[in-house]
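Chemist: Encoded as structure tokens, here's the structure I'll be asking about.
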Amino acid sequence: MKQDRGAWRSKLGFILAAAGSAVGLGNLWKFPYLTYKFGGGEHGHGAGGFVIIYLMAVLLLGLPVMIAEVMIGRRGRLNPVGSFRALRPGTAWKYAGLLGVITGFLILSYYAVVAGWTIEYIAKSVTWEYADYDAHVSDQAVRDRVFSELSVAPAGALFLKEHGLIRDTADASAVQAAWARVKTDKKYANLLKQAKKEFFLAFKTRFRTQRALKHAIIEKKMEIYPASLFERFLKNPVKQVGYFFLFMLLTMLVVIGGVSGGIERWNKVLMPLLLLMLFTLVGRVFTLDGGVRAMRFLFYPDFSRVTFNTVLWAVGQAFFSLSLGMGALLTYGSYLPKDAKISKASLAIVSLDTLVALAAAFVIFGSIFTFGLTMHGSGIGNLFTAVPGIFLHMPGGRFLSILFYSLVAFAALTSTVSLMEVAAAYLIDEHDMSRKRAVLIAGAAIFLLGVPSALSFNLLANARIFHLTFFGLVDFFSANIALPLGGILIAIFVGWVLTAREKHEEVFEFPVWLYSVWDFLVRFVAPAAILVLLFALLTGRVSG
Ligand code: PHE
């Protein structure tokens, strides 16, 4: 039964695979999207509060729980269910493992949808579709864009005041409300027309020559096009399901190949390449106008808007980004040799993961601010709408764009593989299946579960549960509830159930003081912090 399990060829193999699991769309897509959302979205005020809470969650909860999770896997040497059972036979702890297996199913079902987007974007980079902006963006769209930009600027407030719609131009929410009325109420149709005209005139007079104006309009088109391409893509149900299906197939192929074959080898080359690419972009963004603003947006601490909701999302994101709380790292840990140092490996993984998330967010916001991509919509497509702006302004942009989205796709693949591996290992170990059969069954089930997520941006866009689309609901539930819950169970198991001797054997490298700090965090801090959040959630203090 065990011959279908695998083993890492080297200690580095584990670190690379675990880092491959951790670094993925959570860093490149979701972290920038959440910083956008908690940074005030369209009316951006800065994401410092969210980012700092996230960093604290990574350090105080993520790192200690990661050590605990890998420890369970290495001692149990099985999938999550089997490992818990092996360590404490005959107890209900195996259900903690089962929760992880189920969470993995849920996450993969919508994660692979977003992963599918990367394939479309490799294709769009190959055809260099975003460079066709001139032919595809109408002058009207440029006018509308200018209008939406100026309406949120001081000029917009002034216009409202002149027409008696607001009293105080500094009252941002009144301005917002008044524009909402003007845009929707038929009564104001003429006024709206007039505003659009006036604002465009104001825009035009900024330029001294006809040529400068023309150039500015072209720039605007260049900004608008990637966003409209993305929106169009989301609205296409066939593409959404098709790419999702394709990505599931890719994942299944790799997982059938086994842990030490494909993943380990490719990881060694492509992970460093992703880092190199990302840091090239970071360097590039530093030379752009928006770089400093992006830094400020991300790091300037502003806790005035932090709520329970912010904290819950930050903690959920920490678990999500580090692949914690559902047994992915537990399963990878089960292939880890006894003499490898769990704490060092964990620290390396956590550092790398955090670095990548911050770099991605910096690149994306740098681009948004530099190219005046007024942040609009939910921000869910930032990775796909903001980054092309940089490539359009860069020599060799087309090639770099192909490379970039290929690397993003690969980063996503190493994460989907780790999610699938949990389900596969469970079926192989617990239900005596062959690897191939396990993967086929799990893959088919996950695909079916994910179809409504793939349709959440088009056919099912208006089907809401708790105000969320199906995609949003699965994301919220799995990342913000199931993973932290899994995290508590792991922390309690290692903190309170495993004996000190068992723990010492696993983190033999810890000096006494460090062991005490870690043990304290696992025993008290992690369970308490997460319990408070889940309690707040149950009592209705937070929402999606
Ligand atoms: N950590 C992965 C990412 O950031 C997602 C993931 C979550 C993978 C949970 C495995 C388990 O993209």
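The values are calculated or read from the model by the stated rules, or taken from the named source; none is laboratory data. Values in this document were obtained by computation on a predicted structure and should not be read as measured data. Note: ideal-geometry Cβ built from the backbone for every residue, glycine included; neighbour counts use all protein chains shown. Remember, those area values only see protein heavy atoms, side chains included, never the ligands or the DNA or RNA. Shrake-Rupley method; radii C 1.70, N 1.55, O 1.52, S 1.80 Å.
Chemist: Quick one: Phe199 ticks every box in (1) more than 11 Å from Ser151 (Cβ to Cβ); (2) of a type in the set (Phe, Trp, Tyr); (3) in contact (Cβ under 8 Å) with a residue 12 or more places away in the chain except a single one, so which number is it?
Modeler: The one condition Phe199 does not meet is (1).
Chemist: Here are some conditions: (1) more than 21 Å from the chain's Cα centre (by Cα); (2) in a helix (DSSP H, G or I); (3) surrounded by fewer than 18 Cβ atoms within 10 Å (Cβ to Cβ). Glu264 meets all but one. Which one does it not meet?
Modeler: (3)
Chemist: Would you mention how many residues in the stretch 231-244 are open to solvent by 40 Å² or more (accessible area, probe 1.4 Å) and either farther than 24 Å from Ile380 by Cα or within 20 Å of the chain's Cα centre (by Cα) (or both)?
Modeler: Of the residues in that region, 2 qualify.
Chemist: Now, a different point. What do you reckon, is Ser434 open to solvent by 10 Å² or more (accessible area, probe 1.4 Å), away from the ligand (no atom under 15 Å from the Cβ) and polar (S, T, N, Q)?
Modeler: Values: open to solvent by 10 Å² or more (accessible area, probe 1.4 Å): yes; away from the ligand (no atom under 15 Å from the Cβ): yes; polar (S, T, N, Q): yes.
Against the criterion (open to solvent by 10 Å² or more (accessible area, probe 1.4 Å), away from the ligand (no atom under 15 Å from the Cβ) and polar (S, T, N, Q)), Ser434 qualifies.
Chemist: Would you confirm, using the coordinates I've provided, whether Thr310 is in contact with a helix residue (DSSP H, G or I) (Cβ under 6 Å, 6 or more places away or on another chain), surrounded by 24 or more Cβ atoms within 10 Å (Cβ to Cβ), not in a loop (DSSP other than H, G, I, E, B) and not small (Gly, Ala, Ser)?
Modeler: no
Chemist: Here is a follow-up. What tally of residues in the stretch 169-221 results from selecting those that are over 30 Å from Tyr130 (Cα atoms), over 38 Å from the mean Cα position of the chain (by Cα) and among the hydroxyl-bearing types (Ser, Thr, Tyr)?
Modeler: Looking only at that region, the number is 1.
Chemist: If we keep just the residues of the stretch 131-152 that are part of a loop (DSSP other than H, G, I, E, B) and open to solvent by 30 Å² or more (accessible area, probe 1.4 Å), which is modelled with the highest pLDDT?
Modeler: Ser138
Chemist: Can you find a residue in the stretch 454-469 that is at positive phi and either crowded, with 19+ Cβ neighbours inside 10 Å or touching a residue at least 60 places away in the same chain (Cβ under 8 Å) (or both)?
Modeler: So the first thing to find is which residues in the stretch 454-469 are at positive phi, and the list is 466-467.
Filter once more, keeping what is either crowded, with 19+ Cβ neighbours inside 10 Å or touching a residue at least 60 places away in the same chain (Cβ under 8 Å) (or both): 466-467.
Checking the stretch 454-469: at least one residue is at positive phi and either crowded, with 19+ Cβ neighbours inside 10 Å or touching a residue at least 60 places away in the same chain (Cβ under 8 Å) (or both).
Chemist: Quick one: Ser351 ticks every box in (1) small (Gly, Ala, Ser); (2) crowded, with 24+ Cβ neighbours inside 10 Å; (3) farther than 30 Å from Glu231 by Cβ; (4) within 18 Å of the chain's Cα centre (by Cα) bar one, so which box is it?
Modeler: (2)
Chemist: With the structure loaded, tell me whether Leu99 is farther than 17 Å from Gly325 by Cα and either surrounded by fewer than 24 Cβ atoms within 10 Å (Cβ to Cβ) or of a type in the set (Val, Ile, Thr) (or both) or whether it fails that test.
Modeler: On the way: farther than 17 Å from Gly325 by Cα: no; either surrounded by fewer than 24 Cβ atoms within 10 Å (Cβ to Cβ) or of a type in the set (Val, Ile, Thr) (or both): yes.
Taking the combined requirement at face value, the residue does not satisfy it.
Chemist: Within the bounds of the stretch 512-527, is there any residue that is modelled with pLDDT under 95 and touching a Phe, Trp or Tyr at 6+ places or on another chain (Cβ under 8 Å)?
Modeler: No, the stretch 512-527 has no match at all.
Chemist: Can you tell me which of Gly487, Gly472, Gly495 is within 16 Å of the ligand (Cβ to nearest atom) and either under 26 Å from Arg232 (Cβ atoms) or modelled with pLDDT of 95 or more (or both)? Let's see the steps before the verdict.
Modeler: Details: Gly472 fails: within 16 Å of the ligand (Cβ to nearest atom); Gly495 fails: within 16 Å of the ligand (Cβ to nearest atom).
Of the residues listed, the single one that is within 16 Å of the ligand (Cβ to nearest atom) and either under 26 Å from Arg232 (Cβ atoms) or modelled with pLDDT of 95 or more (or both) is Gly487.
Chemist: Could you identify the single residue in Leu329, Leu392, Leu373, Leu347 that is within 13 Å of the ligand (Cβ to nearest atom) and not small (Gly, Ala, Ser)? Give the steps one after another, and end with the answer.
Modeler: On the way: Leu392 fails: within 13 Å of the ligand (Cβ to nearest atom); Leu373 fails: within 13 Å of the ligand (Cβ to nearest atom); Leu347 fails: within 13 Å of the ligand (Cβ to nearest atom).
Every option except Leu329 fails the conditions.
Chemist: Any idea which of Ala361, Ala409, Ala424 is within 16 Å of the ligand (Cβ to nearest atom), open to solvent by less than 20 Å² (accessible area, probe 1.4 Å) and out of contact with any Ser or Thr (no Cβ under 6 Å at 6 or more places or on another chain)?
Modeler: Working: Ala361 fails: out of contact with any Ser or Thr (no Cβ under 6 Å at 6 or more places or on another chain); Ala409 fails: out of contact with any Ser or Thr (no Cβ under 6 Å at 6 or more places or on another chain).
Of the residues listed, the single one that is within 16 Å of the ligand (Cβ to nearest atom), open to solvent by less than 20 Å² (accessible area, probe 1.4 Å) and out of contact with any Ser or Thr (no Cβ under 6 Å at 6 or more places or on another chain) is Ala424.
Chemist: The conditions are (1) in a helix (DSSP H, G or I); (2) open to solvent by 50 Å² or more (accessible area, probe 1.4 Å); (3) of a type in the set (Gly, Ala, Ser), and Ala482 fails exactly one of them. Which is it?
Modeler: Every listed condition holds for Ala482 apart from (2).
Chemist: Filter the stretch 153-185 for residues that are more than 19 Å from Gly40 (Cβ to Cβ), assigned to a helix (DSSP H, G or I) and out of contact with any helix residue (DSSP H, G or I) (no Cβ under 7 Å at 6 or more places or on another chain) and give the result.
Modeler: Passing the criteria: Leu158, Lys161, Glu162, Thr184.
Chemist: Which of the residues belonging to the stretch 533-544 are loosely packed, with under 13 Cβ neighbours inside 10 Å and not in a loop (DSSP other than H, G, I, E, B)?
Modeler: Phe535, Leu538
Chemist: Hey, can you tell me all the residues within the stretch 320-342 that are modelled with pLDDT under 95, open to solvent by 10 Å² or more (accessible area, probe 1.4 Å) and either closer than 19 Å to Met56 by Cβ or assigned to a helix (DSSP H, G or I) (or both)?
Modeler: Correct list: empty.
Chemist: Do we have Tyr332 as in contact (Cβ under 8 Å) with a residue 60 or more places away in the chain and either within 20 Å of the chain's Cα centre (by Cα) or over 17 Å from Phe362 (Cβ atoms) (or both) here? Steps first, answer last, please.
Modeler: On the way: in contact (Cβ under 8 Å) with a residue 60 or more places away in the chain: yes; either within 20 Å of the chain's Cα centre (by Cα) or over 17 Å from Phe362 (Cβ atoms) (or both): yes.
When the stated conditions are applied, Tyr332 passes them.
Chemist: Out of the helices (runs of 4 or more DSSP H) lying entirely within the stretch 20-109, which hold 2 or more residues that are small (Gly, Ala, Ser) and away from the ligand (no atom under 16 Å from the Cβ)?
Modeler: 48-57, 80-87
Chemist: Test Arg211 against the stated conditions and say whether it is open to solvent by 50 Å² or more (accessible area, probe 1.4 Å), among the charged types (D, E, K, R) and either closer than 30 Å to Ser21 by Cβ or in a helix (DSSP H, G or I) (or both). Working first, answer last.
Modeler: Numbers: open to solvent by 50 Å² or more (accessible area, probe 1.4 Å): yes; among the charged types (D, E, K, R): yes; either closer than 30 Å to Ser21 by Cβ or in a helix (DSSP H, G or I) (or both): yes.
Yes, satisfied.
Chemist: Going through the stretch 417-448 one residue at a time, which ones are closer than 20 Å to Gly116 by Cβ and free of Cβ contacts under 8 Å to residues at least 40 places away in the same chain?
Modeler: Filtering the stretch 417-448 down to residues closer than 20 Å to Gly116 by Cβ leaves 417-421, 423, 439-440, 442-448.
Selection gives Ala444, Leu448.
Chemist: Shifting gears a bit: If I ask for residues that are under 29 Å from Leu468 (Cβ atoms) and open to solvent by less than 20 Å² (accessible area, probe 1.4 Å), which ones from the stretch 364-374 would you list?
Modeler: Correct list: Ile364, Phe365, Ser367, Ile368.
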